[in-house]
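The values are calculated or read from the model by the stated rules, or taken from the named source; none is laboratory data. As the structure is a prediction and not an experimental result, all values here were calculated from the model. Cβ sites come from the backbone with ideal geometry, for glycine too, and all protein chains shown count toward neighbours.
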Amino acid sequence: MRFLKWLFVTIFLSILIVPVAIFVYYATQERYELSSLLEYKPKTTTQIYDRNGVKIANLFEEEHRYYVLYEDIPARAIEALLAIEDTTFFEHYGINVDAILRAIIKDIQAGKLVEGASTITQQLVKNKLLSRDKKIERKIKEIIYSLKLEQQLSKEQILERYLNEIYYGHGYFGIKTAAMGYYRKNLNQLSLKEIAILAGLPKAPSTYAPTKNYEISLGRANRVIERMHTLGWIDDEEYKEALAEEPIVYDDTLTQNLAPSVIDEIIRTASSYGINDIKSGGYDIYSTIDIKLQDAAQVSLKEAYELALQRAKDRKADPKSMAKLNGAMVSIDSSSGDILALVGAVDYKLSQYNRATQGKRLCGSAFKPFIYQVAIDSGYSGASQLIDMARTYTYTQNGKLTTWQPRNYEKNFEGLVSLRDSLVNSRNLATINLVNDLGLSSLSKELEKFGMKNIPQNLSISLGTLDLSPLEFAEYFSSFANNGVQVKPNLIERVTKDSHLVYEKKVQTKEISKPTQAYIMTNILQDVVKKGTGRSAGVSGIEIAGKTGTTNNNIDGWFVGYSPTIESVVWFGNDDNTPMHRLETGGRIAAPAFSRYYARVLELYPQTVREFEVPQGVIKMPFKGKLEYFSDISKPPLLEDSSSTDDTILF
């Protein structure tokens, strides 16, 4: 009998002493590092917006998380969480002893760990600091961590960390992320039922995720609501209303990337501003993009591409000649340089290479306005006469004597042609002779004012033998669209972090031409669209100026143009630099994309300015039966039929 009594006492003491001994051992032998929770700085998602505040993408690394401060968490969200997870949270010191004892009894009865009895503090510790293995050693560490954490953090700080750290299913980490993801709402906009769904998720986020198991999620939420009602935290009316509600849940992608070409470029651009943690730093990036115009540009480019494929099919062309066809488009605000749309490929899913920013291609005749602007700035006018005749040029290249016999696209020449008609009809021979008259060295020096580099030091520059990306082209061409003032394109308006300004754009401009001279060019480029090579770019109801470009063997097709407020560049070509179909020119393949885009601009923004403003100092007067524009630099020719002042108009 004594033996049995001794045995009973020994077993009883063992049950009490052994766990205590193990606990003391781990508490004294282990070093517990709490810094990741004490100095809690989780990786957070960067959000990117368009110019109107529409979110166009999330950027994150492993975990998609929006951070929320405790004071911005609704009281109802705290109550719902405590009701279902840890009712005595504000009363205990990190562990719930009663719950632990109940769990131990159940574990002993089951012969294994079946019930955790974890407080919110313990759950936070387990998720952030420990593994999820159900082992006694891990459980003891969890308790020790929790007790130590409660000594150094307030209850509010623990809740803030918990509600930002915990996983809510569907790839959402943190309660704010889950609210924005499942409901597309801020936390302060949630109904009680929506809050209850979120409160019920941490126990089993995959099982209770409303996008995956909606009915099960509602059942779990109803238990949360019932518990809140039982505790007296909500009244009968709130209880009944919440039970009856069936919230709308959205099954969105995590990235929500509406403009992948743009987002790729923003990532590259941000790094140049010293932002190297863009995917984990929790920035708010406000871009210059207008997502409506971005979509319009993407659709317009795709339509022009499909038209080209259809033409090739109708002509029974070899499908291989069009297999690698692709395109790009850039659209900017002419006065600020804000990039409104940037499309790097016909279909981003098939190719992530950004041709708008990375693809440098020969400009062809689209480059000619730069040459003609130099001439106009030096005193030429649209009425100036150019020689449109063939010449043979002899020069030495790589030690060999070479001859060059350029020709017009139409394979003819007109003898004398006005500067206006030469540019409108893209006359190669007249342009080459103009370059000869200006002088190569003088022309190169003037072109450098645009910011151009690696300018060919030979007459081939007349035909656009300079490599530019569409975005570079847009920058240089902006002086025509902006009254002679070139503006550097901007993709990012500003960057903030925790409401603090990290970066803000600075508009960079430089004067290239006087407003009068830039307008003379604009007026000539309007004729390119009205009656020249760019007729397919025209849009009813708005004035358009621009220039087509087609390189040798139809390898590249360009249209570069502008309305009174928006400038755009369109390029098409095969990625491997092989020729497109021989009938595909800039006017045929690129101009229609431009036209369709501007038609959509007018639909989206009917208030768009539609007519070019004539600057002061421009003189309009008849010349050879046509109205021509002059200035104090580009003076009218002294001809009898243009000397009458009766019809002269000064602006």
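So for segment 142-153 (the condition being of a type in the set (Val, Ile, Thr), in contact with a Leu (Cβ under 9 Å, 6 or more places away or on another chain) and surrounded by fewer than 23 Cβ atoms within 10 Å (Cβ to Cβ)), does at least one residue qualify?
no
Find the residue count for segment 270-299, including only residues that are under 15 Å from the mean Cα position of the chain (by Cα) and not β-branched (Val, Ile, Thr).
In the first step, residues of segment 270-299 are kept if they are under 15 Å from the mean Cα position of the chain (by Cα); the result is 270-271, 278-279, 283-298.
Checking which are not β-branched (Val, Ile, Thr) leaves us with 270-271, 279, 283-284, 286-287, 290, 292-298.
Residues flagged as under 15 Å from the mean Cα position of the chain (by Cα) and not β-branched (Val, Ile, Thr) within segment 270-299 amount to 15.
I want to confirm something. Restricting to segment 151-181 and keeping residues that are polar (S, T, N, Q) and in contact with a Phe, Trp or Tyr (Cβ under 6 Å, 6 or more places away or on another chain), which single residue is nearest to Leu198 (Cα to Cα)?
Ranking the candidates gives Thr177 first.
Select from segment 517-576 the residues that are surrounded by fewer than 24 Cβ atoms within 10 Å (Cβ to Cβ) and among the basic types (Lys, Arg) and write down the one among them that is nearest to Ala312 (Cα to Cα).
The selected residue is Arg535.
Going by the conditions given, is Ser513 surrounded by 19 or more Cβ atoms within 10 Å (Cβ to Cβ), of a type in the set (Gly, Ala, Ser), modelled with pLDDT of 95 or more and within 23 Å of Ala375 (Cβ to Cβ)?
yes
Does segment 467-475 include one or more residues that are more than 19 Å from Gly549 (Cβ to Cβ), of a type outside the set (A, V, I, L, M) and in the same structural domain as Ile339 (by TED's automatic domain parsing)?
First, pick out the residues of segment 467-475 that are more than 19 Å from Gly549 (Cβ to Cβ): none.
No; the residues of segment 467-475 include none that is more than 19 Å from Gly549 (Cβ to Cβ), of a type outside the set (A, V, I, L, M) and in the same structural domain as Ile339 (by TED's automatic domain parsing).
Specify which of the listed residues (Asp277, Asp333, Asp252, Asp284) is in the same structural domain as Leu602 (by TED's automatic domain parsing), farther than 22 Å from Asp576 by Cα and not small (Gly, Ala, Ser).
Every option except Asp333 fails the conditions.
Give me a count of the residues in segment 459-518 that are in a helix (DSSP H, G or I) and hydrophobic (A, V, I, L, M, F, W, C).
Total meeting the criteria: 10.
Checking the structure you have, find out if any residue of segment 251-269 is more than 39 Å from the chain's Cα centre (by Cα) and not in a loop (DSSP other than H, G, I, E, B).
No; the residues of segment 251-269 include none that is more than 39 Å from the chain's Cα centre (by Cα) and not in a loop (DSSP other than H, G, I, E, B).
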